[in-house]
Amino acid sequence: MRLLLLIVISVITTLHYGQTVILSENFNSGNLTGWTFIDGDMAAPYNDPQVLQLPSSFHLVEDYDSTGVVDSVLAATSWLNDTVSANNFLITPKLNFDSSGNFVNFQAMSVDGSYPDGIQIYYCLDKTIDSLMNYPSLLDVPAVPSVSTDYKVNLDAVPLNTDIYLVFRHYADNQFILTLDNITVISDDISSIHDKTKNRVKIYPNPSNGEINIEGLEISKNATIYNSLGSIVWNGKVRNTLLNFHFQKGYYILSSGNIKRPFIIQ
């Protein structure tokens, strides 16, 4: 059902906006031709059956939040039998953009919100391990929530008419398991015009001590804040641009309509 829904959404979006889906992978077929996996930490998983099945880099497993149905995800662990931090890379097949308005959409989840893992997105020009992070990150989420979370990453920083690869980097220090699913790369997305308002919404400082400024969100707009476990910790109207929260240290997501902004309290 999830696969059918994704296909329908893709067709409707293509017809409505004239965009082109140049890469779409839900990992259900088991065919990973063209994808590259690199184990950057070279550490063995901890001696526990929950993670022993995840040596090296990413592995194809049954989706943790929809067991019993045909739905697969890629999973990697940071619970290692060593003191090193996890450093796993998933690299897309070769991509080349000849126009602007390009995005990558994907879903990520930390299997246990008490031990959240991180995800970064980069682009590279070749797939050697020393070149994977030569350019600034396009996305950095240090603590992915424990519910399957949608991410849409603008690729305006990626050079046009150049062969590139997108790099998904899993990183964490002695946490648990990260999953990735439903990776889609969209080119020439005219709908990016409608994303300009969304892209203007910013939270700062980030990280903060609990006092945050929200820039670009309408006053009196309904908003919800979730913690890394996916639980609602605040819900209400944004009365002004300066909000003061007395939350515990951790990772949070501000959600208002289609707008989602992560922030950290430390």
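The values are calculated or read from the model by the stated rules, or taken from the named source; none is laboratory data. Everything numeric here is computed off the predicted structure, so don't read it as measured data. Ideal geometry is used to build each Cβ from the backbone, glycine not excepted, and the neighbour counts take in all protein chains shown.
From the list Asp112, Asp130, Asp65, Asp156, exactly one residue is in a loop (DSSP other than H, G, I, E, B) and more than 26 Å from Ile259 (Cβ to Cβ). Which is it? Explain how you work it out, then say what you get.
Working: Asp130 fails: in a loop (DSSP other than H, G, I, E, B); Asp65 fails: more than 26 Å from Ile259 (Cβ to Cβ); Asp156 fails: more than 26 Å from Ile259 (Cβ to Cβ).
Result: Asp112 is the single residue among Asp112, Asp130, Asp65, Asp156 that is in a loop (DSSP other than H, G, I, E, B) and more than 26 Å from Ile259 (Cβ to Cβ).
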Near pairs, Cβ below 6 angstrom, 6+ apart or cross-chain, from the stretch 234-247 (farther than 15 Å from Gly210 by Cα) to any residue that is part of a strand (DSSP E or B) and at pLDDT 80 or above: Asn235/Thr224; Lys237/Asn222; Val238/Ala223
Could you check Asn81 against (1) more than 12 Å from the chain's Cα centre (by Cα); (2) touching a residue at least 40 places away in the same chain (Cβ under 8 Å); (3) exposed (fewer than 14 other Cβ atoms within 10 Å of the Cβ) and say which number it fails? (2)
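Is it fair to say Asn87 is assigned to a loop (DSSP other than H, G, I, E, B) and in the same structural domain as Asn47 (by TED's automatic domain parsing)? Please lay out each step first, then the result.
Numbers: assigned to a loop (DSSP other than H, G, I, E, B): no; in the same structural domain as Asn47 (by TED's automatic domain parsing): yes.
Judged against the criteria, Asn87 is not a match.
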Given (1) buried (at least 16 other Cβ atoms within 10 Å of the Cβ); (2) within 17 Å of Phe176 (Cα to Cα), index of the condition Phe106 fails: (2)
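Would you mind stating whether Ala76 is surrounded by 14 or more Cβ atoms within 10 Å (Cβ to Cβ) and over 22 Å from Gly34 (Cα atoms)? Reasoning before the result, please.
Working: surrounded by 14 or more Cβ atoms within 10 Å (Cβ to Cβ): yes; over 22 Å from Gly34 (Cα atoms): no.
For Ala76, the condition - surrounded by 14 or more Cβ atoms within 10 Å (Cβ to Cβ) and over 22 Å from Gly34 (Cα atoms) - is not met.
Take Pro93 and decide whether it is surrounded by fewer than 19 Cβ atoms within 10 Å (Cβ to Cβ), at pLDDT 95 or above and either aromatic (Phe, Trp, Tyr) or in a loop (DSSP other than H, G, I, E, B) (or both).
On the way: surrounded by fewer than 19 Cβ atoms within 10 Å (Cβ to Cβ): yes; at pLDDT 95 or above: yes; either aromatic (Phe, Trp, Tyr) or in a loop (DSSP other than H, G, I, E, B) (or both): yes.
When the stated conditions are applied, Pro93 passes them.
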Please go through the stretch 115-127 and pick out each residue that is touching a strand residue (DSSP E or B) at 6+ places or on another chain (Cβ under 7 Å) and part of a loop (DSSP other than H, G, I, E, B). Pro116, Asp117, Leu125, Lys127
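State yes or no: is Phe58 in the same structural domain as Leu155 (by TED's automatic domain parsing), at positive phi and buried (at least 17 other Cβ atoms within 10 Å of the Cβ)? Explain how you work it out, then say what you get.
Values: in the same structural domain as Leu155 (by TED's automatic domain parsing): yes; at positive phi: no; buried (at least 17 other Cβ atoms within 10 Å of the Cβ): yes.
Against the criterion (in the same structural domain as Leu155 (by TED's automatic domain parsing), at positive phi and buried (at least 17 other Cβ atoms within 10 Å of the Cβ)), Phe58 does not qualify.
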